[in-house]
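*Asks:* Structure provided below as structure tokens; questions to follow.
Only the coordinates and a few stated rules stand behind these numbers; no lab work does. Just so it is clear, the structure is predicted and the values come from calculations on it, not from any experiment. Neighbour counts run over all protein chains shown; Cβ positions are idealised from the backbone, glycine included.
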Amino acid sequence: MSTLNVDKVDPSTGTALEIGTSGDTITVPSGATFVVAGTTEITGTNNVQRPNVNPFLINGGFNVSQRYGETATSFVNNTYGLDRWKHYLAGSCALNFQQIRRSDSVVTNLQSVSGVNFLNALKLDCTTDASLGATDMMSVLQIMEGQNNVPLAGKAMTLSFWVRSNVTGTYCVAFKNGSAKTYVVEYTISSADTWEQKIINLTNDTEASYSANSSTTTNGSLQIHFTTRLGTTAQQTTADAWNTGNFYGTSNQVTWGTSTSDVFYLSGVQLEMGTYTSATLPPFQFESYGDNLERCQRYYEKSFLIGTTPAASAVAPDGNIFSSWDTNTARMYINFKKRKRANPTITVYRGNNAGSGTATGTANFIYSGAWNNHTCTGSVSQDYGASLTASSTANFGTDSGVVADLNWTLDAEL
């Protein structure tokens, strides 16, 4: 092997430079650094050198589940389950959602089939079957924050994911600019109970269109819906094109949920700028759990243990110190772990020490040798911190402190 030592190589004519020919292997030795500067883009390889940035979609591997951990939980319309993944549901069909881990044979099978060490997957499990009504629909979706979608606006992009179900046939992914415009793409689950990778290419809606919909800052912007059942009301006639209107799929969408045996799994969801095939798709962009959690906490944070469903009487720190300036009112300040997308909704839950009270809006306070329950709510909120204010009737001291037992959640979801 010969060695060529040069500081720079320029094309003899034009601006294109070719290295090697088809079938050649270009090797960067171990320990060497390959630098991609400026706006340079490398195409045609599934070992794309990406800049050190976060994935466009958050928690695409379903590794973070702050609210529910691995507990199978009822799928409720317009609520969040696993972090950053929202639920839409209309009709009589009922189901549970669940984070499943690599200890589950379905996830270990995904690792075997994909060759990628995915840690988790989302499971949907039908608990009440139902026939399809005209206004029925079901989807799990992620809504991108406007400023995160701006780099993709008007650009070619590729969505890829791994999917598995016992119900085969045509499914739909709906890309939505709010309720104003929709781009529906069909894909097929060919084999029952078998992980399959799907790759979807499209061009995103324009920045001007998102801006007209107030979707380029911290508001909701591009929505990506994975539809599992859909009545006629919200069906789009023309697939593979942006259409005006609020749609979630086509008439070819299969009807999942007609049997309590129906299951649907999703994992490895990634969104890339550019057009890729299975041969050229960049590897799934893994993040550390800590980094992934921090990105999720921009939208939702809680004082409960990870995986503990927020509720009254859960274990709570009893070292919260409230300061009172009169006998009726006391206040404490909490600093958020992560600045929020917007001023969050604050919900307070009493802790597990003795005392009575409702599930939300109260806390337990200790004075006179006993725990006592009083109203406690978030009174002032910014994107970086909030005050909790407790109210009683002549039970707090003047210019003194009182210990409280409570938990809280912060919700700034889209």
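*Asks:* Counting only C-alpha contacts under 8 Å and six or more residues apart, can you give the relative contact order of the chain as a whole percent?
*Replies:* 16
*Asks:* Further question on the same structure: Taking the Cα of THR393, stepping 7 Å toward and past its beta carbon, and measuring to each backbone N in the range 325-356: which are under 15 Å?
*Replies:* 327-329
*Asks:* At what distance in nm do the modelled label points of SER400 and THR238 sit from each other, each positioned 7 Å from its Cα along Cα→Cβ?
*Replies:* In this crude label model, SER400 to THR238 measures out at 7.4 nm.
*Asks:* In the chain, with Lys and Arg counted as +1 and Asp and Glu as -1 at Cβ, which of these residues, GLY274, THR362, HIS225, has the Cα nearest the positive end of the dipole, that is, farthest along it?
*Replies:* Checked the options; the winner is THR362.
*Asks:* Residue farthest toward the positive end of the dipole of the range 71-209, with Cβ of Lys/Arg at +1 and Asp/Glu at -1: which of PHE75, ASN148, ALA130?
*Replies:* Value: ASN148.
*Asks:* Taking the Cα centre of the chain as the origin, how large is its charge dipole in debye, to the nearest 20, when only Lys and Arg (+1) and Asp and Glu (-1) carry charge on their Cβ atoms?
*Replies:* 500
*Asks:* About its Cα centre, how strong a charge dipole does the range 73-297 have in debye, to the nearest 20, once Lys and Arg get +1 and Asp and Glu get -1 at the Cβ?
*Replies:* I would put it at about 60 debye.
*Asks:* If you don't mind, there's one more thing I want to ask. With springs connecting C-alpha atoms under 10 Å apart, model the chain as a Gaussian network and identify which of PHE118, PHE247, PHE322 has the largest mean-square fluctuation.
*Replies:* Residue with maximal mean-square fluctuation among PHE118, PHE247, PHE322: PHE322.
*Asks:* Continuing with the same structure: Of TRP85, TRP325, TRP242, how do they rank once you tally other Cβ atoms within 10 Å and put the fewest first?
*Replies:* Result, fewest neighbours first: TRP325, TRP242, TRP85.
*Asks:* Rounded, prolate or oblate for the range 73-297? Axes are the square roots of the Cα gyration tensor eigenvalues, ordered a ≥ b ≥ c, and the cut-off for rounded is a/c under 1.5.
*Replies:* The shape class here is rounded.
*Asks:* Let me ask something additional. Using the number of other C-beta atoms within 10 angstrom as an exposure proxy, rank ILE306, ILE346, ILE189 with the fewest first.
*Replies:* ILE306, ILE346, ILE189
*Asks:* Put +1 on the Cβ of each Lys and Arg and -1 on the Cβ of each Asp and Glu in the chain; which of ASN63, GLN253, SER190 then has its Cα farthest toward the positive end of the dipole?
*Replies:* ASN63
*Asks:* Summing Lys, Arg as +1 and Asp, Glu as -1, what charge do residues with Cβ under 13 Å from the Cβ of SER105 carry, SER105 excluded?
*Replies:* That sum, taken over residues with Cβ under 13 Å, equals +2.
*Asks:* Continuing with this model, one more query. If you take all C-alpha pairs in the chain, what percent of them are over 26 Å apart?
*Replies:* Of all Cα-Cα distances in the chain, 62 percent exceed 26 Å.
*Asks:* Place a +1 charge on the Cβ of each Lys and Arg in the range 320-411 and a -1 charge on the Cβ of each Asp and Glu, then give the dipole magnitude about the Cα centre in debye, rounded to the nearest 20.
*Replies:* 420
*Asks:* Can you give the extra length, in nm with one decimal, that the chain gains between THR275 and ARG339 once fully stretched, where that is 0.36 nm per residue apart less the Cα-Cα distance?
*Replies:* Result for the pair: 19.7 nm of gain on full extension.
*Asks:* Please arrange THR79, THR409 by counting, for each residue, the other beta carbons lying within 10 Å of its beta carbon, fewest first.
*Replies:* THR79, THR409
*Asks:* Among GLN142, GLN235, GLN111, which one shows the biggest mean-square fluctuation in a GNM of the chain, springs joining Cα atoms closer than 10 Å?
*Replies:* GLN111
*Asks:* Work out, step by step, the length gained on full extension between ASN352 and ARG102: first 0.36 nm times the residue separation, then minus their alpha carbon distance; give nm to one decimal.
*Replies:* Full extension from ASN352 to ARG102 adds 86.7 nm.
*Asks:* Let me ask something else. When the helix-only estimate is applied to the chain (DSSP H runs of n ≥ 4, each -39,500 (n - 2.57), divided by the residue count), what is the mean residue ellipticity at 222 nm, nearest 500 deg cm²/dmol?
*Replies:* Value at 222 nm, helices only, nearest 500: -2000 deg cm²/dmol.
*Asks:* List the lysines whose Cα sits under 20 Å from the Cα of LYS181, skipping any in the same chain fewer than 8 residues away.
*Replies:* LYS86, LYS155
*Asks:* Using only alpha carbon pairs under 8 Å that are at least six residues apart, calculate the relative contact order of the range 320-411 and give it in whole percent.
*Replies:* Averaging sequence separation for qualifying contacts and normalising by length gives 43 percent for the range 320-411.
*Asks:* So if R0 is 30 Å, what FRET efficiency would SER112 and THR170 give, r being the distance between their Cβ atoms, rounded to the nearest 0.05?
*Replies:* 0.70
*Asks:* Along its principal axes, what span do the Cα atoms of the range 320-411 show, with the longest given first and each in whole Å?
*Replies:* Projected onto the principal axes, the Cα atoms of the range 320-411 cover 41, 27, 18 Å.
*Asks:* Starting at the first residue of the range 152-169, write each ³J(HN,Hα) from the Karplus equation 6.51 cos²θ - 1.76 cosθ + 1.60 with θ = phi - 60°, in whole Hz, x for Gly and Pro.
*Replies:* Coupling constants for the range 152-169: 8, 4, x, 9, 5, 8, 10, 9, 10, 6, 10, 9, 8, 7, 7, 9, 8, x Hz.
*Asks:* If you fit an axis through the alpha-carbon atoms of helix 105-114 and take the longest principal axis of the Cα set of the chain, what angle between them do you get, 0 to 90°, nearest 10?
*Replies:* Rounded to the nearest ten degrees, it is 30.
*Asks:* Once amide H atoms are placed 1.01 Å from N in the peptide plane, what residues at a sequence separation of 5 or more from LYS155, or on another chain, have their amide H within under 5 Å of its amide H?
*Replies:* ASN204
*Asks:* Want the number for THR127 to THR260: 0.36 nm per residue separation, take away the alpha-carbon distance, what's left?
*Replies:* Result for the pair: 47.4 nm of gain on full extension.
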